[in-house]
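A.B. asks: Below is one structure. I have some questions about it.
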Amino acid sequence: MIPDFAKVLSDYIHEKNVNVYSMAQFCDLDRSTMYKFINGKRRPSSISLVRKMADFMLLTPAEYQLLSEAYRISLVGPEIYFRRKYIWKFLQNPGKYISAFPVNFTKTGAHSTPPPLAEMTVLDGQSQITNCMFEILAQEAQEEQGKIQIFMDPDFSSIIDYLASLGCRNHSLQIEHIFCMDNTQQLMDNGQNYNLYCLEQILPLYTCGCLYNAYYFYDTIFTRKNTLEIFSVMLITSRYALLFTRDRSQGILFGNRASVQLYRNIFGRFYPSVSSFADKVTDVISQIQRLISFDFGEKDIYIFQPLPCLTYCLPEEFLDRYLYPDLPGREHVLGMLSDFIRRTKDSFSERRPYFLFTEQGVRDFLETGRVPDYPDYVYAPFSIRDRMFLIQEIMKKCLPQQLCMLKKNYFYSNRSISIFSSPHSGYLFLPVYNEADSCEQIYLDITESHLVSSFYDFLLYLKENFCYSPDETGKVLRRILQEFHTRV
C-alpha cells in the first residue's frame, strides 16, 4: 500500500498523543500550518522540517523512514518516486546481470523422465509441466543450432533463469522471446514499475552469451492478467510445442511435426505486430559502428558511469600508442576509432553532455590505467603520466557544470552498469564477467520509449540531488590528482 503523508502523520500524532500546538512551536510554525499538514492541504517545505517533526514525536528509525518516504512520494507522485527507487536498486545490485555463470537446477519430480512420444499429451500440475518443460529445453540446448521460441511474460523467473543457464553453456543457442509490456504507468502491487521489472528479468538472457532476441507489444498488463485465457505461455522447440496456463496447473505437449510447425507459424505471424526490445552489441567493431550511428548532435545528454567519458579528450596518437600490436584487424579498428574520436570531438562543443561519475571511479582509473568502457583485450593500460594528463584534459575541455561527481559512492564502481541517455534514445553498458573473471563488454541499445524516458528522468534526478556543485567537483578532482602525484 502506498503511504499517504497526511495519513501517516495523523496516525503518529494520535498513536503517540502528540500535542499539535507544542509540535508547531517546536518547528517554528503556527498551529494552522501544522493542521494543514495533518489534513493534507499543504505539505512541509523540506525534508529537514519533516525530520524536525519526527524528532518532536520521538519516532523510531523505522517510523521516520515511513514518514519521510510518504513525504517524498507526495513531492513527485507514486509513479515517479517508485520508478526512481527501482532504478536506484537496479544500479546498486549489478552482480545479478553481469555474471555469466551457469546455474544448476533440480527438477521438482523424483526422477527425470523424457517427454512422452505421443502426438499430444495432457499435462496436469506444476511438477509435471515444469519437469517436461526443463527436459525439452535441455534437449534443444544440446542441438548444434538449437532454437527456442517463447511467448511468455518475463515474470516467470524460474524459466528465465533456467534459459539463462542453458545459454551460458551453449552460446549458439537461439532464443526468440515475445512478451507484453504495460501501456500505463500503473504500479505493481509491490510498488514496482512493470516495464522496468521486465528489463531486470530478461537482462540475464542478454548477458548469458546466447543469441537472445526480445520483442514486445503493449497492453494494459494488469487488466490482461485477469482476463480469461486458456493458455498464457507458448514454448516451441524443433521437436515440441508446449502450451500451459499462467499458474502451470494445466498444459498440453505436442510432439508431432505438423502441430509443432503449426505453432511455429503462429509464432511467426506475431513478428509484424511486435517491436524489438533492445539491440545487443558485443564485438568491438560493431560497438564502434553503433556508437558512430548515435545522434551525437542531440542536446541534453547524460552519461552515467564510474569515470567521465575520456573519449572526448583522447589524443588520436594515443590509439596507436596503446592499441595492442597483435590486435586482429588492428588497422581497421584504428581507422574506425580515429573517425569516431574526430566526430565526437567535433560535436562536443554543441552537445555538452553531462557526466555523472564517482570519486572511486576516478581513483580506480589512476591506479590501473583502465577505462571501464574500453575492452581490456584491445589496449594496454595507460601510463601514469597519461592517466593524469587525461583527467586534467577532461577538466579543461568540459564546462564546470558538465562534470557531476556523486557525493558518495552510491553505486558499485568497478563493475557497475553504465547509462547513456537523451530524451529520445539511450543504451546500457554492461561489463559481463565469466567464471575465469574475464570481461566482455555489452552495449544494449534500449528502444522502448518508456524505459528511455525513465532512465533520462533518473539521471536528471541524480544530477540535481546527489552531486557536488561544479566548484566542489573541481576541488575534489584537484585533490585526487595532487594525492596521486605525491604518492607516485
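A.B. asks: Would you mind classifying the stretch 345-384 by shape? Square roots of the alpha carbon gyration tensor eigenvalues, ordered a ≥ b ≥ c; an a/c under 1.5 is rounded, otherwise it is prolate if a/b is larger than b/c and oblate if not.
C.D. replies: oblate
A.B. asks: By its C-alpha gyration tensor, with a ≥ b ≥ c as the square roots of the eigenvalues, how is the stretch 157-236 shaped: rounded for a/c under 1.5, else prolate for a/b larger than b/c, else oblate?
C.D. replies: prolate
A.B. asks: Quantify, in whole percent, the carbon and sulfur part of the accessible surface of the stretch 119-241 (1.4 Å probe; protein heavy atoms only).
C.D. replies: 47 percent
A.B. asks: A further question follows. Placing one identical point scatterer on every Cα of the stretch 130-180 and ignoring solvent, what is log10 I(q)/I(0) from the Debye formula at q = 0.29 Å⁻¹?
C.D. replies: So the normalised log intensities are -1.29.
A.B. asks: Greater than 29 Å separation of Cα atoms is the criterion. Which listed pairs, Lys7/Lys89; Lys89/Lys463; Lys41/Lys408, meet it?
C.D. replies: Lys41/Lys408
A.B. asks: Mind checking which of Asn256, Thr473, Pro328 is farthest towards the positive end of the chain's charge dipole, using Cβ charges of +1 (Lys, Arg) and -1 (Asp, Glu) about the Cα centre?
C.D. replies: Positive-most Cα among the choices belongs to Thr473.
A.B. asks: Hey, another quick one. Could you compute the net charge surrounding Leu444? Neighbours are other residues with a C-beta less than 9 Å from the C-beta of Leu444; K and R count +1, D and E count -1.
C.D. replies: Overall, the nearby charge balance is -1.
A.B. asks: Separate question: As an exercise, take the mean of 1/r over every pair of distinct alpha carbons in the stretch 185-282, invert it, and state the Kirkwood radius in angstroms.
C.D. replies: One decimal place: 15.8 Å for the Kirkwood radius.
A.B. asks: Per residue of the chain, what 222 nm ellipticity follows from adding -39500 (n - 2.57) for every DSSP H run with n ≥ 4, rounded to the nearest 500?
C.D. replies: -14500 deg cm²/dmol
A.B. asks: If you don't mind, there's one more thing I want to ask. Between Val18 and Ser48, with labels modelled 7 Å along Cα→Cβ, what's the label distance in nm to one decimal, could you check?
C.D. replies: It works out to 1.9 nm between the two label points.
A.B. asks: Given 5 Å bins starting at zero, what is the percent of C-alpha pairs of the stretch 373-488 in each, up to the one with the largest pair distance?
C.D. replies: Taking every Cα pair in the stretch 373-488, the percentages come to 2, 9, 14, 17, 21, 19, 13, 5, 1, 0.
A.B. asks: Scaled to the compact-protein estimate 2.2 N^0.38 Å, what is the alpha-carbon radius of gyration of the stretch 1-62, rounded to two decimal places?
C.D. replies: Rounded to two decimals, the normalised Rg is 1.02.
A.B. asks: Using modelled amide H (1.01 Å from N, peptide plane; none on Pro or chain starts), what sits under 5 Å from the amide H of Met181, excluding residues fewer than 5 places away?
C.D. replies: Correct list: Phe217, Tyr218, Asp219.
A.B. asks: Classify the stretch 307-379: rounded, prolate or oblate, from the alpha-carbon gyration tensor (a ≥ b ≥ c, eigenvalue square roots; a/c under 1.5 rounded; otherwise prolate if a/b is larger than b/c)?
C.D. replies: Here the stretch 307-379 falls in the oblate category.
A.B. asks: Right, here's the next one. Over the chain, give the accessible area per residue in Å² for a 1.4 Å probe, as an integer.
C.D. replies: With the other protein chains kept in place, the chain gives 47 Å² per residue.
A.B. asks: Taking only the alpha-carbon atoms of the chain, what semi-axes of the equivalent ellipsoid follow from 5 times the gyration tensor eigenvalues under a square root, in whole Å, largest first?
C.D. replies: 42, 37, 19
A.B. asks: So which aspartates and glutamates pass the test for Lys345, namely a Cα distance under 17 Å, with those fewer than 8 places away in the same chain ruled out?
C.D. replies: Within the straight-line cut-off, Lys345 pairs with Asp295, Glu298, Asp300, Glu316, Glu317, Glu393.
A.B. asks: Moving on to the next point. Quick check of the Kirkwood formula: for the stretch 238-364, what is the inverse mean of 1/r over all pairs of different Cα atoms, in Å?
C.D. replies: Result for the stretch 238-364 stands at 19.5 Å.
A.B. asks: So, counting K/R as plus one and D/E as minus one, what does the shell of residues with Cβ under 10 Å around Phe420 add up to?
C.D. replies: Taking every other residue near Phe420 into account, the sum is -2.
A.B. asks: What net charge is computed for the residues neighbouring Phe254, neighbours being all others with C-beta under 13 Å from the C-beta of Phe254, Lys and Arg scored +1, Asp and Glu -1?
C.D. replies: +2
A.B. asks: Between Asn256 and Lys475, what FRET efficiency comes out of the Förster formula 1/(1 + (r/R0)^6) with R0 = 56 Å and r the beta carbon distance, rounded to 0.05?
C.D. replies: 0.15
A.B. asks: Here's something else I'd like to know. Working from the alpha-carbon coordinates of the stretch 125-266, get Rg over Rh, Rh being the Kirkwood radius.
C.D. replies: Rounded to two decimals, Rg over Rh is 0.96.
The values are calculated or read from the model by the stated rules, or taken from the named source; none is laboratory data. In this text, all values refer to a predicted model and were calculated from it rather than measured experimentally. Heads up, the Cβs are rebuilt from the backbone with ideal geometry, glycines too, and the neighbour counts pull from every protein chain shown. The accessibility values were calculated without ligands, DNA or RNA, using every heavy atom of the protein model including side chains. Shrake-Rupley method; radii C 1.70, N 1.55, O 1.52, S 1.80 Å.
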